[in-house]
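**Student:** Next up is a structure, given as structure tokens.
The values are calculated or read from the model by the stated rules, or taken from the named source; none is laboratory data. These figures come from a predicted structure and were not determined experimentally. Glycine gets a Cβ as well: all are built from the backbone with ideal geometry, and neighbour counts include every protein chain shown.
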Amino acid sequence: MSDRILIRYGELSLKKSNRKQFTDKMKFTIKRALKDYPNLEYLDCSMRFYIILNDVNPDLIIPILKKIPGIYSFSIVSYCEKDLDKIKELSCKLLKEELAHNEGTIKVNTSRSDKDFPMESLEISKAIASYLFKNIPNLKADVHNPKIVLNVDLRVEGCFIYTNIHYGLGGLPNGSIGKVELLISGGIDSVVAGYLGIRKGMEIEAIHYASPPYTSDMAVQKVIDLLEKLTPYTEYQSITLIIVPFTKIQQAIYDNCRDDYCITIMRRMMYRIADRLARERNALGILNGENIGQVASQTLESIQTIGSVTDLPVIRPLSTMDKSEIIEIAKQIDTYDISIRPYEDCCTVFVPKHPQIKPRKEMAESQEKKFDYQTLIDEAVNNVRYIKLTTNKHHDIFLNDDNIF
């Protein structure tokens, strides 16, 4: 009897004159994600979007929809003409089917956005409930804490009846805000930041700084495995990873600069490279997993000194979270066990015993004058590797970006 899926938008309902560009992106993403089910049909009605199942099992569709940013919630619904007798009959059939799997008290909840329907919501609910109690033995009501809620949604395009609500990711359609460069280390935080950026409508590319032989190929593989967990949430189910050779820069820093300023200067170099790659690749900002006060490079003084090398927006979605909250999200998206693999990245290999927690911009600039960092940055950027990661784990590797897209 359930013949379609009703999709509800969340934040998109707040949009006004530019709403259509977001809803169009949302519909495109849904259709692309469900491309393996050609029998599906789609119906667009104002702030509702319907997937007509045409006998496709909805259990195959539910897990896909739960990974699409921009969907607030959705329900498997049954369509009915806007005739009260037909609504009663279908409601009774659906409730009997639900009670066969899930016994308990019920409540009827009616939403009437079609104001031309001759009865008000409460009257409709009472009429349906009365019919149900006459036709289903031993049925009990509970308007405060029902086990089952029978929802009747009367809209201009028809009546839709359902007992289920599945919650999606919310946020905005992926790619609707613009592209950012994600600084990903391989730890717990940066991949969670990537996930939250995707959910908020950002298209992400990922930048990883590799320092062989101090970091191993397994550290890079860990980053690849992490990003593979994010690809199903993206518009095209793919993410480009940019691997930057960072060894020479780190060695120059630790050979020439004050020990306590090495982390600060290393991060400033990372931001300079990210800024340059972002501008070359038409990205609008830098995304990272920084969490205020968590480590020496994430004090407010450090964030100010490090961030002064770029005027691009630096987005820090984890900045005020507790570590336990970040770990919980990592477990939800199945990245936690990968992140704790014992393969160190370049940020952890060269950590000094007593890093500066209140670095000054002037001192950092003074230390940087001790070596020719611009030439080293040019060399690193000219030798990056690009890896296009996809959900099907077919990865293409390029020494330049000419063939990525």
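**Student:** Looking at the structure I just gave you, is P232 assigned to a helix (DSSP H, G or I) and closer than 27 Å to M321 by Cα? Explain how you work it out, then say what you get.
**Tutor:** Details: assigned to a helix (DSSP H, G or I): yes; closer than 27 Å to M321 by Cα: yes.
So P232 passes the test.
**Student:** Give me the residue from the stretch 18-74 that is of a type in the set (K, R) and closer than 15 Å to I5 by Cα and, out of that set, nearest to the chain's Cα centre (by Cα).
**Tutor:** K66
**Student:** Keeping to the stretch 46-82, report how many residues are farther than 30 Å from L196 by Cα and aromatic (F, W, Y).
**Tutor:** Of the residues in that region, 1 qualify.
**Student:** Same structure again: From Y214, Y195, which residue is in the same structural domain as Q332 (by TED's automatic domain parsing), farther than 15 Å from M270 by Cβ and assigned to a loop (DSSP other than H, G, I, E, B)? Break it down into steps so the answer makes sense when it comes.
**Tutor:** On the way: Y195 fails: assigned to a loop (DSSP other than H, G, I, E, B).
Result of the check over Y214, Y195: Y214.
**Student:** Next question, about the same structure. Scanning the stretch 1-30 for residues that are among the charged types (D, E, K, R) and loosely packed, with under 13 Cβ neighbours inside 10 Å, which turns out nearest to S91 (Cα to Cα)? So that I can check it myself, show each step before the final result.
**Tutor:** Pass one, the stretch 1-30, residues among the charged types (D, E, K, R): 3-4, 8, 11, 15-16, 19-20, 24-25, 27.
Right, trim to loosely packed, with under 13 Cβ neighbours inside 10 Å and you get 16, 20.
On the way: K16: 35, K20: 34 Å.
By that ranking, first place goes to K20.
**Student:** Quick check on L300: is it under 25 Å from V180 (Cβ atoms), surrounded by 15 or more Cβ atoms within 10 Å (Cβ to Cβ) and of a type outside the set (V, I, T)? Before the answer, list the steps.
**Tutor:** Details: under 25 Å from V180 (Cβ atoms): yes; surrounded by 15 or more Cβ atoms within 10 Å (Cβ to Cβ): no; of a type outside the set (V, I, T): yes.
Taking the combined requirement at face value, the residue does not satisfy it.
**Student:** Follow-up. List every residue pair whose Cβ atoms sit under 7 Å apart, with the two residues 6 or more apart in sequence or on different chains, where the first one lies in the stretch 121-147 and is in the same structural domain as L99 (by TED's automatic domain parsing) and the second, anywhere, is loosely packed, with under 12 Cβ neighbours inside 10 Å.
**Tutor:** Short answer, once both residue conditions are applied: K147/N102.
**Student:** For the stretch 246-272, enumerate the residues that are of a type in the set (V, I, T) and either crowded, with 22+ Cβ neighbours inside 10 Å or not assigned by TED's automatic domain parsing to the domain that holds I204 (or both). Steps first, answer last, please.
**Tutor:** Here is the first cut: in the stretch 246-272, the ones of a type in the set (V, I, T) are 247, 249, 253, 263-265.
I249, I253, I263, T264, I265 - these are the residues of the stretch 246-272 that are of a type in the set (V, I, T) and either crowded, with 22+ Cβ neighbours inside 10 Å or not assigned by TED's automatic domain parsing to the domain that holds I204 (or both).
**Student:** So Y72 fits all but one of (1) modelled with pLDDT of 95 or more; (2) touching a helix residue (DSSP H, G or I) at 6+ places or on another chain (Cβ under 9 Å); (3) not acidic (D, E); what number is the exception?
**Tutor:** That leaves (1) as the condition not met.
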